[in-house]
1. For I151, I45, I89, give the ranking by accessible area with the largest first, probe 1.4 Å.
2. Evaluate the distance, in nm, between pseudo-label points positioned 7 Å from the Cα of K83 and of Q142 along their respective Cα→Cβ axes.
3. Express the carbon and sulfur contribution to the solvent-accessible surface of the range 135-200 as a percent, rounded to the nearest whole number, probe 1.4 angstrom.
4. Principal axis lengths of the range 112-200 from Cα atoms, whole Å, largest first?
5. Taking 0.36 nm per intervening residue step and subtracting the Cα-Cα distance, what contour gain separates N119 from Q97 on full extension?
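The values are calculated or read from the model by the stated rules, or taken from the named source; none is laboratory data. For clarity, every value in this text was computed on a predicted model and none was experimentally measured. Cβ coordinates were reconstructed from backbone atoms using ideal geometry, including for glycine residues, and neighbour counts include every protein chain displayed. What goes into the accessible areas is simple: the full protein's heavy atoms, side chains included, and nothing from ligands, DNA or RNA. Shrake-Rupley method; radii C 1.70, N 1.55, O 1.52, S 1.80 Å.
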Amino acid sequence: MKKIKSILVASLAILTLCATACGSGDDKKAAPAKQEKTSKTANHILPNYRYVDLDSVLSKYNLAKDFNEEMLRMQNNMASAEKHHTTKIQNFANTMQNKMQNNGYLSEASYRQDEQTLNNLQNEAQKAMASLQTNMQNAALQGQQAVIDSITQFVKEYNKTRGYDAIFQKASTLYIDPELDITDEVVEGLNARYNKVSKK
């Protein structure tokens, strides 16, 4: 899961948006005048950019949480399938061993037949596990893209009513004023939109 999360974080670097990424042309004309937020701790005007903590977004956004749960479910299914195939192969191999020890094979041909059956079971297991792995990889890519698209689209729509010059990722900065943090607003808006769609 850490690998999936790291891929998501790397992919979501596009959230470091400049003014043109957040809205240009007609969108910029339709946006209200740039808002200035007064600091609560000092009498100064904050710059016209904000940031989000992407780790927090991914941990609190319901779409991302549902995606992670789906990945966990698929991982559990793969583990169960692997255990099933391993047990089946091991049981058949034990049966062969017992037959050999008790002179159960009356001919070379009967032994070769069981040997072929064992090979077939192993090949079937490899194919089945490869198919599950491919399906999981495809689902991971699709899920990651869905989360990326959802957050990117929301941030663009969100900024139409804010008019910020840029919205950065916290991870891409060495230091940034905590008063510029809009993570909670973004998470709240993302979940409100996602919950509304999921209830339809």
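1. Final ranking, largest accessible area leading: I45, I89, I151.
2. In this crude spin-label approximation the distance works out to 2.7 nm.
3. Numbers: 2000 of 3760 Å².
Within the range 135-200, the accessible surface is 53 percent carbon and sulfur.
4. 75, 40, 17
5. Numbers: separation 22, 0.36 × 22 = 7.92 nm, distance 1.48 nm.
Computed gain between N119 and Q97 is 6.4 nm.
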